[in-house]
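To start, the structure itself, in structure tokens.
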Amino acid sequence: MQPIQPLPFQADFEQPGDDEADTIQEMVEVMRSIGDKTYEDTGHGLRTVHAKSHALIQGTLHVLDGLPPAYAQGAFATPGHYPVIMRLSTNPGDILADSVSTPRGLAIKIIGVAGERLPGSEGDRTQDFVMQNAPAFTAPDPKAFLKTLKLLAKTTDRAEGLKKALSAVLRGTEKVVEAFGGESPTLKSLGGHPQTHVLGETFYTMVPVLYGPYFAKLSVAPVSAELIALTDAPVDLKDKPDGLRQAACESLAQHGGVWEVRVQLGVDIDKTPIEDASVQWPENLSPYVAVARIEIPIQSAWDEERAARIDDGMAFSPWHGLAAHRPLGGIMRSRKPAYEMSARLRGQRNGCPMHEPTADVRP
Ligand code: HEM
């Protein structure tokens, strides 16, 4: 394959809409209403989305040696290794039985990264990447996402029996939609996601970040044989409310795991756009290229101590990190105040301020 020509980022690639600030404010309010509702129901300050964690993992990220110069940027500029924390989750704001099957999230925190910082994260030494298991976002821009968000917010309640029934119906519907060549993100986010093992997923930032002088999307993909074997592997979740967590913990306790961090550079502002978050960038124009490996030793990946330390005591956000990886586009701009609000409320409600790790973490 021809080496790709990455497109240098230009400030005018970002085009905030006139009423973007109002839309974002409304998004933050809807997000907050989800957190208020779950706090009322549980007495605990939960993330307003991605409340339930399935594995809380600690390991090491190794930046690969000999990267082509365009890929050796920001946190990946020089070979080296860093402690890393990974949090696997599913997207609802309430804690549901796993038989309500929804899209999966992966948040990564790389610890000890040096360089100029993003606004709001000046005092830290971390680089977070916050991903889901699809290559593009469900909505093109904040305005369109606000509509879906309002719909999702209405489903935040404790009517779990109803959600289980809805989920079973939606999974059937989703199979029909897929049989006709489509996938339906809305049905998936309401409970129509296939009941598969969470460790087999490939995760994507879905939307771009700066990548030094360029811009890029990132992914994290399983590469150890035991993880690859779990891709699309069915998990029996009947009568197992925490079945995804149990399956993930069993595998990590036996094998640990190895993932690759991969980078897809932007090459063309129309075909690999910044403001339309719903466009999947074509991999024939710019493939995902490995820049780092994450090695996770065998471990016990979920217990109350880890949940207190990582679920309640930490916040992951695309806006925690280096200026060299500034989040780009409307969806990313909307995430800054939303993640700040959610983390602040959790801290207040649980009486536990967020702790941004600075040095080594216990494996
Ligand atoms: C590319 C699009 C997105 C992806 C991949 C994504 C993924 C995730 C993931 C994986 C988490 C859990 C993080 C953790 O484990 O701590 C999360 C949390 C969260 N997301 Fe997103 N998200 C996206 C877009 C959005 C948007 C558009 C908003 C709202 C404007 C939003 C608001 C939040 C909030 C408020 C939290 C909870 C933060 C906390 O309490 O620490 N996300 N997201």
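The values are calculated or read from the model by the stated rules, or taken from the named source; none is laboratory data. Worth saying up front: this structure is predicted, and the values here are computed from it rather than measured. As a convention, Cβ positions derive from the backbone with ideal geometry for all residues, glycine included, and neighbour counts pool all protein chains shown.
Taking the criterion of being under 24 Å from Val63 (Cα atoms), charged (D, E, K, R) and under 16 Å from the mean Cα position of the chain (by Cα), no residue of the stretch 268-321 qualifies. When Pro273, Pro363, Pro357, Pro327 are checked against the criterion of being modelled with pLDDT under 95 and either within 16 Å of the ligand (Cβ to nearest atom) or farther than 27 Å from Tyr82 by Cα (or both), Pro357 stands alone in meeting it.
Residues in the stretch 81-106 that are within 14 Å of Glu260 (Cα to Cα) and either within 16 Å of the ligand (Cβ to nearest atom) or under 18 Å from the mean Cα position of the chain (by Cα) (or both): Val84, Met86, Leu106.
Among the criteria (1) part of a helix (DSSP H, G or I); (2) among the hydrophobic types (A, V, I, L, M, F, W, C); (3) more than 16 Å from the chain's Cα centre (by Cα), the one Ile331 does not fulfil is (3).
Residues in the stretch 122-133 that are of a type outside the set (D, E, K, R) and crowded, with 19+ Cβ neighbours inside 10 Å were compared, and the one that is farthest from the chain's Cα centre (by Cα) is Thr126.
Inclusion of Arg171 among residues that are charged (D, E, K, R), more than 16 Å from the ligand (Cβ to nearest atom) and either at pLDDT 70 or above or touching a helix residue (DSSP H, G or I) at 6+ places or on another chain (Cβ under 9 Å) (or both) is warranted.
Filtering Asp18, Asp98, Asp22 for residues that are without any contact (Cβ under 8 Å) to a residue 40 or more places away in the chain, out of contact with any Phe, Trp or Tyr (no Cβ under 7 Å at 6 or more places or on another chain), in a loop (DSSP other than H, G, I, E, B) and within 27 Å of Met341 (Cα to Cα) leaves a single hit, Asp18.
Yes or no, residue by residue, for (1) within 11 Å of the ligand (Cβ to nearest atom); (2) buried (at least 21 other Cβ atoms within 10 Å of the Cβ); (3) acidic (Asp, Glu); (4) under 30 Å from Gly243 (Cα atoms):
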| site | (1), (2), (3), (4) |
| --- | --- |
| Asp12 | no, no, yes, no |
| Val28 | yes, no, no, no |
| Ser33 | no, no, no, yes |
| Thr48 | yes, yes, no, yes |
| Leu56 | yes, yes, no, yes |
| Ala72 | no, no, no, no |
| Pro79 | no, no, no, no |
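Would you check if there is a residue in the stretch 309-316 being among the aromatic types (Phe, Trp, Tyr) and touching a Ser or Thr at 6+ places or on another chain (Cβ under 8 Å)? No: zero hits. If we scan the stretch 14-26, do we find a residue that is farther than 24 Å from Thr272 by Cα and among the polar types (S, T, N, Q)? Looking through the stretch 14-26, at least one residue is farther than 24 Å from Thr272 by Cα and among the polar types (S, T, N, Q).
Leu46 meets the conditions (1) in contact with a Lys or Arg (Cβ under 8 Å, 6 or more places away or on another chain); (2) modelled with pLDDT under 95; (3) within 17 Å of Glu340 (Cβ to Cβ) in every case but one. The failed one is (2). Could you please give the count of residues in the stretch 263-315 that are surrounded by fewer than 21 Cβ atoms within 10 Å (Cβ to Cβ) and in a strand (DSSP E or B)? The number of residues fulfilling the criteria is 4. Pairs meeting the criteria (first residue in the stretch 292-316 and under 27 Å from Leu118 (Cα atoms) and within 11 Å of the ligand (Cβ to nearest atom), second residue aliphatic (A, V, I, L, M) and part of a loop (DSSP other than H, G, I, E, B), beta carbons under 6 Å, at least 6 apart or on different chains) are Ala315/Met354.
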